[in-house]
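> After the structure tokens below, expect a handful of questions from me.
The values are calculated or read from the model by the stated rules, or taken from the named source; none is laboratory data. Predicted model only: the values in this text are computed from it and were never measured. Virtual Cβ from ideal backbone geometry, glycine too; neighbours counted across all protein chains shown.
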Amino acid sequence: MTLEEKQAQLVGYWVDQGDEVVAPMSGEKKTSTRYEEATSDGLGHLTRVYGTRPVDPLERARWLWREQRRLQQETRLGIPALVHEECLTGLAAWQAATFPTPLAWGASFDPELVEEMGRAIGTSMRALGIHQGLAPVLDVIRDPRWGRVDECISEDPLVVGVLGTAYVRGLQSEGVHATLKHFVGYSASQAGRNHAPVHIGRREIEDVLLPPFEMAVREGGARSVMNSYTDIDGVPVAADPFYLDEILRERWGFDGVVVSDYFAVDFLRSMHRVAADAPEAARLAITAGIDIELPSPDAYTTLADQVRNGSLPQHILHRAAGRVLAQKEELGLLDADFTGEPAGIDLDPPGHRDIARRLAEESVVLLSNDGILPLDPSSPHRIAVLGPNADSTEALMGCYSFVNHVLAHHPGTPAGIALPTVLESLRAEFPGAEITHAPGCEVESPDRGLLAAAVAQAEEADIAIVVVGDRAGLFGRGTVGEGNDVESLELPGIQRELVEAVVATGTPVILVALTGRPYALEWALPALSAGGGVLTGLGAVNSPAPATEAEAGDAARPAAAFQAFFPGEEGGPAIAALLSGRVSPSGRLPVSLPRSAGAQPYSYLRPVLGGRTDVTSADSTPVRPFGFGLGYTSFAHEQLTVDASVPAGTVFHASVIVRNTGTRDGVDVVQLYAHDEIASVTRPLAQLVAFQRVALAAGASQVVRFEVPSERLSFTGIDGNRRIEPGRIRLWVGPSCDDEETVATMEIVSSDDPLSP
């Protein structure tokens, strides 16, 4: 291969980008090379062939097949291009299924279903000749003000790692490579601002932010990684060999490819200001370990000349080219008959919609219920369905859905898939009810002109269902999503005013929050009981502590509240089924429900001084804790038993009896937490070490067993080395991180394991 042929394998080309600006500064036309000229020596990647504008999938697949044949026949080496697409909530292409957003995956606590979804997405991608997906996002949530929270799975690294790895397994089982993003630190940016600097210590990076990536690499076999845009302690990750080479490749043994986030190489010059020009930006990035520049060449077209003039060692170029060619060989692109023209494609078949429905149903979290739910669909209710998200399809989907990411630029173009709204779904679920609708307000607008009509409908109704929340978009074109960071965690616009005005009518209100981040909803929720359960008409559900009238507080609030994190194309029917009781709620909060923006950043993984104490007047206690979620039945957790002692580096066993103590069938998410009581560095008061979804009939019980690697209790010691320290561990099972319903202790003892001191 010539230097130019190697260089050509290290860049993508965005054939459909046109004049649409998809990221800040991407509008600068730095790449003026015509496509035919850019591919004369071959090409590494074709960028978003299906996901840039609405194109007929079958026609586009046929074009792609012809283009790949051209690269085989008309370039000297005959190497086809690798095709990549976004696939965070399903393949981001016109007419493709849209699944719930990753924050909803986290709320489901269901890795098996997430893996099933990954396989379904992979089948669609492979059928279209796509080889690599830019997902999953493994950033651990550190601050809900950050706009990209809707792309994340959880604030807990174990949940992120387990579900993210499940997605990787599912996607890659269909021959499509997953890309882990954003490696690393992106979600810990200053004040939750996109691309902002990261000011955190090495221990937080090692113990919280890196583990999900390590799990997806070591256990999931992920084949691609994408860098973070941010800098950590002044060094941009895109130019830092410590993360991209020393940790990723040397420590973990990763042997796949590292691709740049879009424009990240040029950002070394234009935003981080650590490179004077494009050649220097390219040299920094490829030396650090970025093999491929995406989406189009801004800097890597200088690599061949840099090798010639001696500014770049030739082995660096060879190293990256070798990794890319190895990936193409692994994917079958070097085979003579690697692809064929498709005969027909259905990107939203019934099987995909079934997965989307089940995941949506499992992900919705019931935050409160005074006994009004479930509603009897056979009763002749008069229901006022209110709120700006009640009859919105866009409100069901996240920022990286095709509808919100691409079709927002093409008004008038149909979605290409069925997207029943909450309003339409309620009419189907409650055919005997008299249902009226008024939006009450817009998502963001301060205009109160629509408020009176909604209040009037509520006054005439038996029940008001108020659907509020977010509108996902990009860079200011929404209330959440990439570039849509916030200073307040109040509901956007006047939506809180709408809810409070409807509550003031005296009509029972059911609040449904369709959002991409957790909002400060203390005003809408009753207080938790002393044992951690929520006060309901049935007592404190999921808690043994009794409810008292004094604890109930102000009754002028919604009678019930649901939290739904962008539940996808089947989200409307899922919410309707949960309201009617046809499906019992089983979602659990994958992120703490915040008290206020002023309490951020906050994580349940906090030491003693990271929460409410007597030495500060500020209270960061969340309104609902991590792991919280109600159902239409109650569960008791009893007789937790664990191994009395376990050598460091081995597996320990735990078991607990789970009883359905209510009168309805239901699903519990059994959560096992741990606390290292005395350690050489401060440790979290609660740390999730295992979880399991368990379905139980009313009155039934089951012994739930866990086999837990003791490495989950490891941490970075004072000397900077990861270790499992001997000592006493307190473990418990409860309905959230804050509720120790049944407790046991275990002793970790020294062993010959390298993690043991």
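> Can you tell me which residues in segment 271-282 are surrounded by fewer than 24 Cβ atoms within 10 Å (Cβ to Cβ) and more than 13 Å from THR230 (Cα to Cα)? Even if it seems obvious, please write down each step before you answer.
In the first step, residues of segment 271-282 are kept if they are surrounded by fewer than 24 Cβ atoms within 10 Å (Cβ to Cβ); the result is 271-280.
Those that are surrounded by fewer than 24 Cβ atoms within 10 Å (Cβ to Cβ) and more than 13 Å from THR230 (Cα to Cα): ALA275, ALA276, ASP277, ALA278, PRO279, GLU280.
> Looking at segment 745-757, can you tell me whether even one residue there is within 30 Å of LEU366 (Cα to Cα) and not assigned by TED's automatic domain parsing to the domain that holds GLY106? Break it down into steps so the answer makes sense when it comes.
To start, the set of residues in segment 745-757 that are within 30 Å of LEU366 (Cα to Cα) comprises none.
Scanning segment 745-757, I find no residue that is within 30 Å of LEU366 (Cα to Cα) and not assigned by TED's automatic domain parsing to the domain that holds GLY106, so the answer is no.
> Which residues, counting only those in segment 165-186, are within 17 Å of ILE247 (Cβ to Cβ), not in a strand (DSSP E or B) and not β-branched (Val, Ile, Thr)?
GLY185, TYR186
> Can you tell me which of GLY90, GLY44 is on the phi > 0 side of the Ramachandran plot, surrounded by 24 or more Cβ atoms within 10 Å (Cβ to Cβ) and of a type outside the set (Phe, Trp, Tyr)?
Only one candidate passes the filter, namely GLY90.
> Take the conditions at pLDDT 95 or above and closer than 28 Å to ARG169 by Cα and apply them to GLY234. Does it pass?
Numbers: at pLDDT 95 or above: yes; closer than 28 Å to ARG169 by Cα: no.
So GLY234 does not fit the description; no.
> Between GLN687, GLN702, which is within 19 Å of LEU158 (Cα to Cα) and either surrounded by fewer than 16 Cβ atoms within 10 Å (Cβ to Cβ) or touching a Leu at 6+ places or on another chain (Cβ under 7 Å) (or both)?
GLN687
> Within segment 612-633, track down each residue that is at pLDDT below 90 and surrounded by fewer than 17 Cβ atoms within 10 Å (Cβ to Cβ).
ARG612, THR613, ASP614, VAL615, THR616, SER617, ALA618, ASP619
> So which residues in segment 290-316 are out of contact with any His (no Cβ under 7 Å at 6 or more places or on another chain) and closer than 23 Å to ARG48 by Cα, if there are any at all? Spell out how you get there, then give the answer.
Quick first cut of segment 290-316, residues out of contact with any His (no Cβ under 7 Å at 6 or more places or on another chain) only: 290-291, 293, 295-316.
Answer for segment 290-316, where residues must be out of contact with any His (no Cβ under 7 Å at 6 or more places or on another chain) and closer than 23 Å to ARG48 by Cα: ILE290, ASP291, GLU293, PRO295, SER296, PRO297, ASP298, ALA299, TYR300, THR301.
> Now a separate question. Please go through segment 665-708 and pick out each residue that is under 24 Å from the mean Cα position of the chain (by Cα), assigned to a strand (DSSP E or B) and of a type outside the set (A, V, I, L, M).
Across segment 665-708, the qualifying residues are ASP668, GLN671, TYR673, GLN687, PHE691, GLN692, ARG693.
> Tell me the residue from ARG683, ARG705 that is touching a Pro at 6+ places or on another chain (Cβ under 9 Å), charged (D, E, K, R) and at pLDDT 95 or above, please. Give the steps one after another, and end with the answer.
Values: ARG705 fails: touching a Pro at 6+ places or on another chain (Cβ under 9 Å).
Residue meeting the stated conditions: ARG683.
> Of the residues in segment 289-316, how many are surrounded by fewer than 22 Cβ atoms within 10 Å (Cβ to Cβ) and either not polar (S, T, N, Q) or not in a helix (DSSP H, G or I) (or both)?
Here the count works out to 10.
> Give the residues of segment 109-143 that are farther than 24 Å from LEU347 by Cα and either in a helix (DSSP H, G or I) or charged (D, E, K, R) (or both), sorted by residue number.
Residues satisfying the conditions are ASP139, ARG142, ASP143.
> Of all residues in segment 210-230, how many are over 16 Å from GLU711 (Cβ atoms) and either out of contact with any Gly (no Cβ under 6 Å at 6 or more places or on another chain) or outside the structural domain of ASP156 (by TED's automatic domain parsing) (or both)?
Residues in segment 210-230 being over 16 Å from GLU711 (Cβ atoms) and either out of contact with any Gly (no Cβ under 6 Å at 6 or more places or on another chain) or outside the structural domain of ASP156 (by TED's automatic domain parsing) (or both): 7 in total.
> While we're here: Conditions first: (1) surrounded by 24 or more Cβ atoms within 10 Å (Cβ to Cβ); (2) in the same structural domain as VAL583 (by TED's automatic domain parsing); (3) touching a Ser or Thr at 6+ places or on another chain (Cβ under 7 Å). CYS399 passes all but one, so which condition is the exception?
Of (1) surrounded by 24 or more Cβ atoms within 10 Å (Cβ to Cβ); (2) in the same structural domain as VAL583 (by TED's automatic domain parsing); (3) touching a Ser or Thr at 6+ places or on another chain (Cβ under 7 Å), only one is false for CYS399: (3).
> Consider only pairs whose beta carbons are under 7 Å apart and that are at least six residues apart or on different chains; among these, list those whose first residue lies in segment 421-436 and is in the same structural domain as VAL385 (by TED's automatic domain parsing) and whose second residue is of a type in the set (Gly, Ala, Ser) and at pLDDT below 95.
Matching pairs, first to second residue: GLY432/SER378.
> If we scan segment 134-142, do we find a residue that is touching a Ser or Thr at 6+ places or on another chain (Cβ under 8 Å), crowded, with 24+ Cβ neighbours inside 10 Å, under 23 Å from LEU672 (Cβ atoms) and modelled with pLDDT of 95 or more? Before you say what the answer is, go through the steps one by one.
Looking only at segment 134-142, we keep the residues that are touching a Ser or Thr at 6+ places or on another chain (Cβ under 8 Å), and these are 134-135, 139-142.
Applying the additional criterion that residues be crowded, with 24+ Cβ neighbours inside 10 Å yields 134-135, 139-142.
Okay, now just the ones that are also under 23 Å from LEU672 (Cβ atoms), so 140-141.
Right, trim to modelled with pLDDT of 95 or more and you get 140-141.
Taking every residue of segment 134-142 in turn, at least one turns out to be touching a Ser or Thr at 6+ places or on another chain (Cβ under 8 Å), crowded, with 24+ Cβ neighbours inside 10 Å, under 23 Å from LEU672 (Cβ atoms) and modelled with pLDDT of 95 or more.
> Give the number of residues within segment 406-452 that are loosely packed, with under 14 Cβ neighbours inside 10 Å and in a helix (DSSP H, G or I).
2
> OK, next. Looking only at segment 709-718, which residues are part of a loop (DSSP other than H, G, I, E, B) and not hydrophobic (A, V, I, L, M, F, W, C)?
Taking segment 709-718 first, the residues part of a loop (DSSP other than H, G, I, E, B) are 714, 717-718.
Answer for segment 709-718, where residues must be part of a loop (DSSP other than H, G, I, E, B) and not hydrophobic (A, V, I, L, M, F, W, C): SER714, GLY717.
> Give segment 611-638 a look and list any residue that's within 22 Å of the chain's Cα centre (by Cα) and among the basic types (Lys, Arg), or say none.
ARG624
> Still on this model: Going by the structure shown, is ASP668 more than 16 Å from ARG728 (Cα to Cα), of a type in the set (Asp, Glu) and not assigned by TED's automatic domain parsing to the domain that holds LEU373?
yes
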